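**Q** There's a structure below that I have some questions on.
Read the figures in this text as sums done on the coordinates, not as results from a lab. Computed from a predicted model, the values in this text were never measured in an experiment. We place every Cβ from the backbone using ideal geometry, glycine too, and count neighbours over all the protein chains shown.
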Amino acid sequence: MAAVKTCIVIPACNEEGRLGVVLDAIRAQGIGADVIVVDDGSHDATRGEALARGATVLSHPFNLGYGSALHTGYLYARRHGYDRVVQMDADGQHDPVSIPDLLRALDAGADVVIGSRYRHPDPPATTLTRRLGSRFFAWIVTAWTGVPITDPTSGFQGLSRSALQEVAKDGFPEDYPDADVIIAHHLAGLRLAEVPVRMHPRLGGVSMHRGGRIAFYAYKMLLTLCLLRVRRRAPFRRGSEIPVPHAP
């Protein structure tokens, strides 16, 4: 039986000094996964830090946004025939010690595994605004999918081969791929699951959910959710998908 081919996709923008710590912690888990770092237009030594630790680095010439960086990683993973993907952040929030928990849930039959900080017995501190917003969108996702979801904004996730095929398609959000993507997975017939994961406060840098961006995030997410049922693929993209390599 062929080994399951796994990669870890990490979007990174100006994460020098933090990315290296994350990559060292991933290596310490000994899970045998390839690491793909998507350098989203960094102006510091992020790229060099990743290369020095043996990661494959995909570089954007300028910053395209978190969702676009993820999509680049998905396209690479699909083109190279990976069976499953773990996505995580480069800033130290997502503890690699929880990666095996995501992989076990995929092995148990889930297509999309969301790592929830709120199911962990020692969740990190969050602002009241972010916690209330997360609960609101968690309620929407749970009601829509029928699967109890507590952390819809979590970027710490595991994806099966079937899920990878969905997210590699045209139309993946370029900025905030959160509740709308989870519901889109459900509408595509994918099996959802959520597991507790360990998360920490950021080692540094700034969050994309901050200040006035919180209001824009709420507006954009609600608008996207309202349009999910009527959204269609761009007709000029038909036939342009990357073919999925067959497993040996």
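**Q** Could you run the Karplus curve 6.51 cos²θ - 1.76 cosθ + 1.60 with θ = phi - 60° over segment 11-19 and give me ³J(HN,Hα) per residue in whole Hz, x for Gly and Pro?
**A** Along segment 11-19, the couplings run x, 8, 9, 6, 10, 4, x, 10, 4 Hz.
**Q** Would you kindly derive the ³J(HN,Hα) couplings of segment 164-181 from the backbone phi angles with the Karplus curve 6.51 cos²θ - 1.76 cosθ + 1.60 (θ = phi - 60°), listing them in order in whole Hz, with x for Gly and Pro?
**A** 4, 4, 6, 6, 7, 7, 4, x, 5, x, 7, 10, 10, x, 10, 4, 4, 5
**Q** Label points 7 Å out from Cα along the Cβ direction at GLN29 and TRP144: separation in nm?
**A** 2.7 nm
**Q** Right, something else. If you take every DSSP beta bridge fully contained in segment 1-114, what fraction is antiparallel? Give it as a percent rounded to 5. Don't skip to the end; give the middle numbers.
**A** Details: 0 of 15 bridges.
Of those bridges, close to 0 percent are antiparallel.
**Q** Placing unit charges on C-beta atoms (Lys and Arg positive, Asp and Glu negative, everything else neutral), compute the dipole magnitude of segment 6-232 about its Cα centre in debye, rounded to 20.
**A** On the way: 24 positive and 24 negative charges, 119 e Å.
The dipole of segment 6-232 has a size of about 580 debye.
**Q** Give me, ordered by chain and number, the residues 5 or more places off LEU58 or on other chains with an amide H under 5 Å from its own placed amide H.
**A** When sequence neighbours closer than 5 places are left aside, the close amide H contacts are VAL37, VAL38, ASP39.
**Q** Kindly put THR145, THR46 in sequence by how many other C-beta atoms sit within 10 Å of each C-beta, fewest to most.
**A** Placing the least packed residue first, the sequence is THR145, THR46.
**Q** How charged is the neighbourhood of ALA105? Take every other residue with its Cβ under 11 Å from the Cβ of ALA105, and add Lys/Arg as +1 and Asp/Glu as -1.
**A** -1
**Q** Right, next: So how do PHE136, PHE62 line up by other beta-carbon neighbours within 10 Å, fewest first?
**A** The fewest-first ordering by Cβ neighbours comes to PHE62, PHE136.
**Q** At 0.36 nm per residue, and after removing the present C-alpha to C-alpha distance, how many nm does the segment from VAL97 to THR126 gain when stretched out fully?
**A** Values: separation 29, 0.36 × 29 = 10.44 nm, distance 2.09 nm.
Extending this stretch completely gives an extra 8.4 nm.
**Q** If you plug each phi of segment 152-163 into the Karplus form 6.51 cos²θ - 1.76 cosθ + 1.60 with θ = phi - 60°, what whole-Hz ³J(HN,Hα) values come out, in order, with x for Gly and Pro?
**A** Per residue, the Karplus-derived 3J(HN,Hα) values read x, 8, 5, x, 9, 9, x, 10, 7, 4, 5, 5 Hz.
**Q** Taking the dipole about the Cα centre of segment 90-164, with the C-beta of Lys and Arg at +1 and of Asp and Glu at -1, give me whichever of LEU159, LEU102, ALA138 is farthest to the positive side.
**A** Of LEU159, LEU102, ALA138, it is ALA138.
**Q** Treat the count of other C-beta atoms within 10 Å as a stand-in for reagent exposure and order THR126, THR153 from fewest to most.
**A** THR126, THR153
**Q** Next up: Using +1 at the Cβ of each Lys and Arg and -1 at the Cβ of each Asp and Glu in segment 6-232, identify which of VAL21, GLY48, PHE172 lies farthest towards the dipole's positive end.
**A** Final value for the positive-end residue is PHE172.
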